[in-house]
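Here the structure is laid out as structure tokens; the discussion comes afterwards.
Quick note: the coordinates plus some simple rules give every number you see, no bench work behind them. The shown structure was predicted, so the numbers you read here are calculated from the model rather than taken from an experiment. Heads up, the Cβs are rebuilt from the backbone with ideal geometry, glycines too, and the neighbour counts pull from every protein chain shown.
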Amino acid sequence: MNNDQIKGKAKDVAGRVERQVGEWTGNKEAQAEGTAKQAEGKVQTAWGNVKDEASRLTDKAKNKMDRTTEPADNTAETEDDTRARRKAS
């Protein structure tokens, strides 16, 4: 979980509380502010989710590349070595 996900969830919850209090008290301004804060929190949480997924996929790709990349075998005979050996025999 990253910082945007945490902050976004906190804003979402705070917005829900503010909106609900506004509904209970009949305060339209508090309802509107709470709804706006709630929406802002949801957007920030979604952005955090995107960043988290991108990071996960990047790590996965790096790990896959690390597993498939093998170091060069310097002891293997090259094509030129093979030709030279055949000519010599």
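The table that follows gives values for the structure above.
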| item | result |
| --- | --- |
| Relative packing of 10-17, 55-62, which averages over residues the other C-beta atoms within 10 Å, highest first | 10-17, 55-62 |
| Cross-link table 7/62; 37/60; 7/60, entries beyond 32 Å C-alpha to C-alpha | 37/60 |
| Order of 47, 24 under a 10 Å beta carbon neighbour criterion, fewest first | 24, 47 |
| Estimated FRET transfer efficiency when R0 is 35 angstrom, pair residue 29-residue 60 (beta carbons, to 0.05) | 0.15 |
